[in-house]
Ligand SMILES: NC(=O)c1ccc[n+]([C@@H]2O[C@H](COP(=O)([O-])OP(=O)(O)OC[C@H]3O[C@@H](n4cnc5c(N)ncnc54)[C@H](OP(=O)(O)O)[C@@H]3O)[C@@H](O)[C@H]2O)c1
């Protein structure tokens with residue numbers, strides 16, 4: 001006799017055969033191969049233990065990718081890896097400083113040597129930085145911290161993976177910007193400069209690597225409420241609210257009020273978009289800045 005547990009969704013179902021010869025379905029987690037957006041793609045995620053990096057890892061895993069998660073803190077990386085493995089993925093983690101050109105290149109080379117290719121590279125590294133202060137109250141160091149940090153790490157990781165992607169004639173580099181790229185107002189100088197520069201970097205890199213079959217897509221999400229528990233953004237936005245003399249909840253709710261949809265995006269939405277952008281279904285998309293601001297900005 002066979003006991004079949006019917007799956008109500010479209011996911012594939014693994015069966016175990018018990019000694020009594022009954023078959024019992026395991027909880028379905030992973031899509032059937034043919035339905036997977038990223039089946040057998042090799043993805044390296046810098047900042048893989050972070051809020052966006054971890055969310056992307058889960059979705060990339062569900063979509064069939066082989067994952068290499070890179071960051072500085074092992075507990076955060078292991079937690080993200082466990083969540084991705086629960087989706088059925090093969091996941092490796094490595095401690096690498098994403099600002100260190102030599103270390104990043106060495107790790108990327110090791111990945112390429114081990115599995116033969118790198119199809120997707122997501123840089124989801126994030127740095128706490130100063131927002132909310134006027135120019136007269138901002139030190140040069142605080143202003144430059146996000147500018148140098150984001151531009152350095154994205155250059156370092158893109159340079160390391162692009163060598164392999166050019167050689168294989170394909171690949172997707174994903175970067176993450178912020179609405180500051182297009183906003184104006186007090187207290188945004190470092191954030192605006194780094195975000196606009198990162199978008200410019202992504203556009204220019206797309207033009208450079210396009211003839212080699214390598215795509216570059218930048219996503220620009222607004223602040224995500226479900227990232228606050230794990231992201232550097234909670235401390236950063238908290239200081240901005242304090243500088244404005246507004247309670248944090250009120251300050252953060254004000255961000256949603258300024259969007260067309262009256263709400264902010266959530267991590268899974270950004271991760272789903274990243275998976276699509278990384279997939280062959282988006283093969284005509286490059287040099288694009290994806291506006292995931294829920295309408296805080298219109299194009
Ligand atoms: N959260 C939001 O609402 C939001 C909105 C728009 C855009 N973004 C953008 O999304 C990106 C990620 O933000 P997030 O919210 O996911 O940040 P997060 O949760 O704080 O994660 C940041 C990650 O970056 C890693 N990291 C920092 N410095 C590193 C270094 N030198 N080498 C390697 N890894 C390093 C951290 O690793 P360790 O923990 O090991 O240090 C952490 O895993 C940023 O570019 C940010 O601007 C975020």
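Packing-based ranking of 282-289, 49-56, 263-270 yields 49-56, 263-270, 282-289, ordered from highest to lowest mean Cβ neighbour count within 10 Å. Put the Cα centre of region 220-259 next to the Cα centre of region 81-136 and the gap is 25 Å. Axis of helix 267-278 versus longest Cα principal axis of the chain: the two differ by about 70°, to the nearest ten degrees. For the chain, the longest principal axis of the alpha carbon atoms and the long axis of helix 189-209 meet at an angle near 50°.
Highest GNM mean-square fluctuation among 45, 135, 173, for the chain modelled with Cα contacts below 10 Å: 135. Summarising the strand pairing of the chain, around 10 percent of its internal DSSP beta bridges are antiparallel.
Quick one: order 232, 150, 273 by neighbouring beta-carbon count within 10 Å, fewest to most.
Details: 232 14, 150 27, 273 20.
Arranged by neighbour count, lowest to highest, 232, 150, 273 become 232, 273, 150.
Computed over the chain with a Gaussian network model linking Cα atoms closer than 10 Å, the most mobile of 91, 108, 246 is 246.
Classify region 234-291: rounded, prolate or oblate, from the alpha-carbon gyration tensor (a ≥ b ≥ c, eigenvalue square roots; a/c under 1.5 rounded; otherwise prolate if a/b is larger than b/c)? Before the final figure, lay out each step's value.
Details: a/c = 3.20, a/b = 2.72, b/c = 1.18.
Judged from the Cα gyration tensor, region 234-291 comes out prolate (a/c at least 1.5, a/b above b/c).
For the options 226, 100, 249, a Gaussian network treatment of the chain with springs between C-alpha atoms closer than 10 Å singles out 249 as fluctuating the most.
Sorted largest first, the spans of the alpha carbon positions of the chain along the three principal axes are 76, 45, 36 Å. Between 0 and 90 degrees, the angle of helix 140-168 with respect to the longest Cα principal axis of the chain falls at about 40 degrees.
Every read-out reported here was derived from the displayed coordinates using simple, explicitly stated rules and does not represent laboratory data. All values reported here derive from a predicted model rather than from experimental measurement. Note that each Cβ is placed from the backbone with ideal geometry, even for glycine, and that neighbours are counted across all protein chains shown.
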